[in-house]
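The values are calculated or read from the model by the stated rules, or taken from the named source; none is laboratory data. For clarity, every value in this text was computed on a predicted model and none was experimentally measured. A quick note on method: Cβ atoms are made from the backbone with ideal geometry, for glycine too, and the neighbour counts reach across all protein chains shown.
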Amino acid sequence: MGGILKVFDMLVWFPENISTFGQELDNLFAIIYWVSVIIFFLTFGVMAYFLVKYRYRPGRKGYNYHGNNIVELTWTILPTILFAWIGLYSDDVWARTKYSSKVPQADVEILCLGRQFGWTFLYPGADGKFGRNAFTDRTARNLMSTTNIFGMDSTSADGMDDFVTENQFRVPVNSNVVIRGSSIDVLHSFFLPHARVKQDVIPGTWMAIWFNLFKTGDYELACAELCGSGHYSMRAEYKVVSLAEYDKWLDTKNAEVIGARQPQPTPTATADTATVASH
Ligand SMILES: [Cu+2]
């Protein structure tokens, strides 16, 4: 039976689920989908039946009908019960995935800013702690600019090793990832189809987004809010990697950050930059 239902199910169009709570959300989606399908055929079936039964026939007289309290109460109370049930039934998984009070202890915490049109991420670096920035300190919001969109305070010791990635991020597999998302211009929506995560990000506030992914691979982040002319291009890629690989990547990034803070030797033209310069 489940096999036959699956043929008509919208769920076969979903990308593969890689999130710990994804199956529960998919089940909820399927239940609401099938409730809607049944009600659709019931109501339109009754309508089609009446259309045929009471169609125009020469000589048949219409008559005024002033309603029926029992019928009207029935079609008011039944949907009320149904919607209340859906609300109560889905509250458990909704609370666990969406309530900011239920966000689990983070193994990895990342800041994310949406902008027209792209995504920027901030990692806390080797110490695992963010420095002073627009998330950790509201007063640092006035440091935000197009070149420093997280409002990072360059004098903050904890922030010395924080690093930024552009339109890509990495997370370890089987870990609680908490992303604090915001926007610097308009509403965007942080949508990870494989992870069954979708959350609007709003300028001026930070939304807690969390997930735990059980399958390594390359996946996609898309903006799911029509946010302007470049909306179609507002995507990022993310990798889910093993913990060892993630640590290695962090080490590389940390070395880059430390390298960038050392006094730089006078730049010499390499083959690459020479090619660019000649164009
Ligand atoms: Cu957008």
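The table below gives the values:
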{"item": "Verdict on residue 122 being surrounded by 15 or more Cβ atoms within 10 Å (Cβ to Cβ) and closer than 30 Å to residue 206 by Cβ", "result": "yes"}
{"item": "Members of the range 54-110 found to be β-branched (Val, Ile, Thr) and either part of a loop (DSSP other than H, G, I, E, B) or touching a residue at least 40 places away in the same chain (Cβ under 8 Å) (or both), listed by number", "result": "86, 93, 97, 103, 108, 110"}
{"item": "The range 112-138, residues that are outside any loop (DSSP other than H, G, I, E, B) and within 23 Å of residue 259 (Cα to Cα)", "result": "120, 121, 122, 123"}
{"item": "The lone exception for residue 121 - which of (1) within 16 Å of residue 197 (Cβ to Cβ); (2) free of Cβ contacts under 8 Å to residues at least 40 places away in the same chain; (3) in the same structural domain as residue 233 (by TED's automatic domain parsing) it fails", "result": "(2)"}
{"item": "Set 236, 255, 244, 157: member being among the small types (Gly, Ala, Ser) and buried (at least 18 other Cβ atoms within 10 Å of the Cβ)", "result": "236"}
{"item": "Filter pass, residue 7 being assigned to a helix (DSSP H, G or I), at pLDDT 90 or above and not assigned by TED's automatic domain parsing to the domain that holds residue 197", "result": "no"}
{"item": "Pair list, Cβ < 6 Å and 6+ apart or interchain, from the range 27-39 residues that are part of a helix (DSSP H, G or I) to residues that are modelled with pLDDT of 90 or more", "result": "28/90"}
{"item": "Top-ranked residue of the range 10-22 - restricted to ones that are at pLDDT below 90 and either under 25 Å from residue 209 (Cβ atoms) or of a type in the set (Gly, Ala, Ser) (or both), ranked as surrounded by the fewest Cβ atoms within 10 Å (Cβ to Cβ)", "result": "13"}
{"item": "Enumerated strands (runs of 3 or more DSSP E) restricted to the range 151-268, each holding at least 2 residues that are away from the ligand (no atom under 16 Å from the Cβ)", "result": "163-166, 168-172, 177-183, 207-211, 217-223, 235-241"}
